[in-house]
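Reviewing the structure listed below.
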């Protein structure tokens, strides 16, 4: 079960959420190490030029509520859609100069973070929780028998 600390179940849940959030053609890798910043519930690296992302979750992920984990995973996955917009600034960096680039990049990063958080919070309640309900547990038991 996912909240018993089963990382494979967490990976399966993340893949399912990615499919629901329009990332069916993306490779989503769940890394074993936690985020560099211990204050983060999770973080994601969206790989430039590829439909690929790497997600790291906090070491205590299994102690979070299902609702909190659902929102966190949705948040990180939504970054796959929004983070690449920063590539436009990366492509203009030398033309606009470092000071303007840094200011614009930081402002866009802040906007993306706030937008990602607002969207994931609003949509999360319509997405599945990372738990098996009694009905799916009974179905699993019947299939195993």
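Any read-out appearing in this document is the output of simple, stated calculations on the displayed coordinates, not a laboratory observation. Just so you know, these numbers come straight off a predicted model, no measurement behind them. Here the Cβ is made from the backbone with ideal geometry for all residues, glycine too, and neighbour counts use every protein chain on show.
Determine the shape class of region 1-44: with a ≥ b ≥ c the square roots of the Cα gyration tensor eigenvalues, call it rounded for a/c under 1.5, and otherwise prolate if a/b is greater than b/c, oblate otherwise. Taking the square roots of the gyration eigenvalues as a ≥ b ≥ c, region 1-44 is oblate. The C-alpha atoms of the chain define a longest principal axis, and helix 7-20 lies at about 60 degrees to it.
Fewest-first ordering of 57, 46, 88 by other beta carbons within 10 Å of each residue's beta carbon gives 88, 46, 57.
Straightening the chain between residue 115 and residue 4 buys 36.8 nm, computed as 0.36 nm per residue apart minus the Cα-Cα spacing. Roughly what % of DSSP beta bridges within the chain run antiparallel, to the nearest 5? Once the DSSP bridges in the chain are tallied, antiparallel ones form about 55 percent. In the chain, Cα pairs under 8 Å separated by at least six residues give a relative contact order of 24 percent. When 68, 120 are arranged by Cβ crowding within 10 Å, least crowded first, meaning fewest neighbours, the order is 68, 120. Only one of [x] 16; [y] 31; [z] 27 was calculated from the structure for percent of Cα pairs over 26 Å apart, and its label is [y]. To the nearest ten degrees, helix 134-144 and the longest principal axis of the Cα atoms of the chain are 70 degrees apart.
Neighbour counts of C-beta atoms inside 10 Å place 65, 116 in the sequence 65, 116, starting with the fewest.
Between the helical axis of 98-124 and the longest alpha-carbon principal axis of the chain there is an angle of about 20 degrees.
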